[in-house]
Each structure stands twice: as structure tokens, then as C-alpha cells.
Amino acid sequence: MDDLFYVNKCSSTNDEISNVLLYHDLDFTALYTFCQTKGRGQYGNRWISSSEKNLAYTLAVKNSAFDNSDFLFNYYTAICVQTYVSQLTGKEVQIKWPNDIILNKKKIAGILIEKKNINQEVYFITGIGINILQENFDEISNAGSLLTQTGQRFSMKIFAENFHSFFVEKLKNIPSEDEIMSHLNEHLFRKDKVSVFEIDGLKQNGIIRNAEKNGKICIELETGVQSFYLKEIKLLY
């Protein structure tokens, strides 16, 4: 695939993709590895991945190829991952707002999207980490893999190539905003269930009602319905 590049090892695919873009001018350019040493998650968190057992993948998408808001791009990326994993495994897969991928209550994939200006072109640098064959996680971890959650083993290379083809095709045929939001809310983790949240350092019971186009999550609390951005609230359980 002319638009998909493999590296044996790198610190971060989100960083490494910049080097690829210096020599390639495509709407969609991707890089992947099975050995990422310094993966990043949301808000500076580390994405820790066992070597040769998980996929680290980054797709650079030209800003001009997506007409919707950054929030919608974030949501739609999560939908693409959720849909691919669900179709591949035959299992119900959910999205933990805003973009973690949940299978059997375990996080099996995470997404980090950054906007960068490279060669006078603005890109969505779309980093996706998917746990595929890893078997051991910390006892207190909320993480899992496709193997631990389904018992299915996948070829890493075939998984990466097929996912890339699926993702790019989805980005070439973007649905309406309403369709994106409808799909997201249909598969939203813990939706309409009593959960515990941390807000301003305090634990509160609440119910997720829906994700919003402006990037917020709508929560029904004992004091009434409120909407929050990501750094303003944390879902505990």
C-alpha cells in the first residue's frame, strides 16, 4: 500500500509520521509499528504497549479532507475503530466518551488526535493504539486486548492492513453530523446507567444521557442536568 508505511520500532507513531509527510503529499498517509516505546495518551498520559503484541497506528488526514468540526472528527474516528472491531469479532463494542474503545468493560483501544502544520499543510495526526495479543495486564488495570476479551488471535500485519483500508474508506464516505452523533450515542459506554463520577475532586452519582456535538457530555446529576468537557469530569465506574 503506497499510503501505509511500516517501521520496525519507533518512540511514537504520531511523531514519526511527520518524517513520512516530508516526502509524501497524500490526503491520507499512515504509519504503523508493533513496537512503540513512548506512546502518548490524552492530556500527557502514557500509552503503554507490549512489544509485538499490540498495534500503534497513526493516520495523517489533511484538514481539507474533513469538513466537520474537530470534535466530530474525534467522534467519527472512535466510531470507525468501534465498528471495525465489532465487525471483526462479532462482539458488542462501546465508546467511552470521548474516544476510548471498550470491549466487555475493558479498554482495548485508545485514540490521540493532534493537529499539526507540516509542509504548510494542516493535518489531523490521528494516533490509534489497539491491544491485540497482549495477555497480561495489571490486576487493577481497566485494560484488555482482543485476545483476552474474545479468545481470538489475529495476524498483526493483516489486522493493521485491513484496518487501514477500512478506516480510509470510511473517511472518504463521511456521514452527516446527525448520523455520527446518533451512532456515537447508540454505542456510548454507561449510557442511561447510574455511574460514579469525579467532579472538582468529589465523587458524585450521575447518569450519562448523551454526548453533544460541541464535544461535551451531558450528565444527569442529583442537582440537575449538566454538560462537561473532558477535563471537567472523570467517569470512575
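The values are calculated or read from the model by the stated rules, or taken from the named source; none is laboratory data. The structure displayed is predicted, hence computed values, not measured ones. Glycine also receives a Cβ, built like all others from the backbone with ideal geometry; neighbour counts cover every protein chain displayed. Side chains included, ligands, DNA and RNA excluded: accessible areas come from the protein's heavy atoms. Shrake-Rupley method; radii C 1.70, N 1.55, O 1.52, S 1.80 Å.
Go through region 84-107 residue by residue and tally those that are free of Cβ contacts under 8 Å to residues at least 60 places away in the same chain, in a helix (DSSP H, G or I) and either open to solvent by less than 10 Å² (accessible area, probe 1.4 Å) or hydroxyl-bearing (Ser, Thr, Tyr) (or both). Adding up the residues that qualify gives 1. Against the definition (in contact with a helix residue (DSSP H, G or I) (Cβ under 6 Å, 6 or more places away or on another chain), outside any strand (DSSP E or B) and either touching a residue at least 60 places away in the same chain (Cβ under 8 Å) or within 30 Å of Asp2 (Cβ to Cβ) (or both)), how does Phe166 come out, yes or no? Spelling it out, Phe166 is indeed in contact with a helix residue (DSSP H, G or I) (Cβ under 6 Å, 6 or more places away or on another chain), outside any strand (DSSP E or B) and either touching a residue at least 60 places away in the same chain (Cβ under 8 Å) or within 30 Å of Asp2 (Cβ to Cβ) (or both). For region 109-133, taking the residues that are assigned to a loop (DSSP other than H, G, I, E, B) and in contact (Cβ under 8 Å) with a residue 12 or more places away in the chain, the one that is nearest to Leu88 (Cα to Cα) is identified as Ile132. Kindly evaluate Asn162 against the criterion of being modelled with pLDDT of 95 or more and surrounded by fewer than 18 Cβ atoms within 10 Å (Cβ to Cβ). Yes; evaluated as a whole, the condition is true for this residue. Could you list, in sequence order, all residues of region 180-226 that are within 20 Å of Gln82 (Cα to Cα), open to solvent by 30 Å² or more (accessible area, probe 1.4 Å), out of contact with any strand residue (DSSP E or B) (no Cβ under 6 Å at 6 or more places or on another chain) and not in a loop (DSSP other than H, G, I, E, B)? If the condition is that a residue be within 20 Å of Gln82 (Cα to Cα), open to solvent by 30 Å² or more (accessible area, probe 1.4 Å), out of contact with any strand residue (DSSP E or B) (no Cβ under 6 Å at 6 or more places or on another chain) and not in a loop (DSSP other than H, G, I, E, B), then Ser182, His183, Glu186 are the ones that fit.
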